[in-house]
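A short worksheet on the structure shown next.
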């Protein structure tokens, strides 16, 4: 909880603003962290990722169903040249990914199946690895839909 509060303060002082995503994550982290401490029950902190992943899934998939690529509003500068159909596919794929993460979190947080330490290890290491691999898996689709590399970027030697 302390780390997220520090992140909010740094964002406010360094950037002059706090992103909506950071606000949501901070609010949920502090809220569920406080419930965990107050009730001495780790289930509260374990449900927070499910809520965040489900929120992102609903946001991205809801936008996709309406023909709006919600990721474009957040990542447009990072994915220059990406076509509208590419943005929609990216929003769909990440929306489904977050839906899967929410489901997996619900499975792994079950105390009758997994210990808290197992859940924590999967949350920290497994989700990080899955997210990285999923982002890499999207690169070919992004390239097919017009993603351009920065002209100033230095490309590695070929061959």
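Readers should treat all values here as calculations from the given coordinates under stated rules, not as data from a laboratory. All values reported here derive from a predicted model rather than from experimental measurement. All Cβ positions, glycine included, derive from the backbone under ideal geometry; neighbour counts span all protein chains shown.
What ranking, highest mean first, results for peptides 79-87, 39-47 when packing means the other Cβ atoms within 10 Å averaged over each residue? All intermediate terms of the calculation are to be shown ahead of the outcome.
On the way: 79-87: 16.3, 39-47: 14.7.
In descending order of packing, they fall as 79-87, 39-47.
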- Mind pulling the angle between the C-alpha long axis of helix 84-108 and the longest principal axis of the chain? Nearest 10 degrees, somewhere in 0 to 90. 20
- Rounded to whole angstroms and listed largest first, the alpha-carbon spread of the range 48-105 along its three principal axes comes to 34, 22, 14
- Query: Given the convex hull over the Cα atoms of the chain, what projected area results after averaging over all orientations, in nm²?
  - Reply: 12.3
- Message: Just to confirm the number: angle between the C-alpha axis of helix 43-65 and the first principal axis of the chain, 0 to 90 degrees, nearest 10?
- Response: 30
- Query: What angle do you read, to the nearest 10 degrees and between 0 and 90, between the alpha-carbon axis of helix 2-15 and the longest principal axis of the chain?
  - Reply: 40
- Which residue fluctuates the most in the chain, going by a Gaussian network model with Cα springs under 10 Å, if the choices are 56, 97, 134? 134
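Over the range 7-128, calculate the relative contact order: mean separation of alpha carbon pairs under 8 Å at least 6 apart, over the residue count, as a percent. Before the final figure, lay out each step's value.
Values: 93 pairs, mean separation 27.8, N = 122.
Computed value for the range 7-128: 23 percent relative contact order.
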- Query: Which value in nm describes the separation of the simple spin-label points at residue 35 and residue 66, placed 7 Å from the Cα toward the beta carbon?
  - Reply: 2.7
